[in-house]
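The values are calculated or read from the model by the stated rules, or taken from the named source; none is laboratory data. Keep in mind the model is a prediction, meaning the values are calculated, not measured. Note that each Cβ is placed from the backbone with ideal geometry, even for glycine, and that neighbours are counted across all protein chains shown. These area figures cover heavy atoms from the full protein model, side chains too; ligands, DNA and RNA do not enter into them. Shrake-Rupley method; radii C 1.70, N 1.55, O 1.52, S 1.80 Å.
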Amino acid sequence: QVQLVESGGGLVQAGGSLRLSCAASGMILSRNFMGWYRQAPGKQRELVAKFTTGGGTNYADSVKGRFAISRDNAKNTVYLQMNSLKPEDTAVYYCSLSQWGDPTNYWGQGTQVTVSS
């Protein structure tokens, strides 16, 4: 089993910044891939940013140039630096982890990000 715990959400004014963190614990395998997704009220969950199996990163078009994903492998932690936030970035942000040799895709409990105009 894997546990994911997100932190860093909150209320921020448009144009502001937030940094989300997601710490993974439990049965972490060597080849794991973490990412961030979000779900706004009444909408489907969507990709924000993730690390790919090829070692690169993938970003939603709506956040390119504003958000940056990074990770600390020693701490099994992934971060999402969010700059120039917009009201449309308001959502619950979820951390995700998948790993080779494990059929389960793990999710955190989510952290609320609210951007006021």
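Descriptive notes on the structure:
- Remark: R31 falls outside the filter, which requires a residue to be open to solvent by 60 Å² or more (accessible area, probe 1.4 Å), within 15 Å of V113 (Cβ to Cβ) and in contact (Cβ under 8 Å) with a residue 40 or more places away in the chain.
- Here E46 meets each of (1) in contact with a Phe, Trp or Tyr (Cβ under 7 Å, 6 or more places away or on another chain); (2) more than 30 Å from G101 (Cβ to Cβ); (3) acidic (D, E) with one exception, condition (2).
- Of the listed requirements (1) small (G, A, S); (2) surrounded by 13 or more Cβ atoms within 10 Å (Cβ to Cβ); (3) in contact with a strand residue (DSSP E or B) (Cβ under 7 Å, 6 or more places away or on another chain), S84 misses just one: (3).
- Qualifying residue in segment 59-75 (condition: under 19 Å from Q109 (Cβ atoms), within 14 Å of the chain's Cα centre (by Cα) and not hydrophobic (A, V, I, L, M, F, W, C)): no
- Number of residues in segment 86-104 that are at pLDDT 95 or above and not acidic (D, E) equals 10.
- A Cβ distance below 8 Å, combined with a sequence gap of six or more or placement on separate chains, defines the contacts here; from segment 50-73, residues that are more than 19 Å from N32 (Cα to Cα) reach residues that are in a helix (DSSP H, G or I) and open to solvent by less than 60 Å² (accessible area, probe 1.4 Å) in the pairs V63/D89.
- Matching residues, segment 1-28, being assigned to a strand (DSSP E or B), open to solvent by 40 Å² or more (accessible area, probe 1.4 Å) and more than 30 Å from W100 (Cα to Cα): L11, Q13
- Answer residue from segment 87-116, given it is assigned to a loop (DSSP other than H, G, I, E, B) and at negative phi and is most open to solvent (accessible area, probe 1.4 Å) among those: W100
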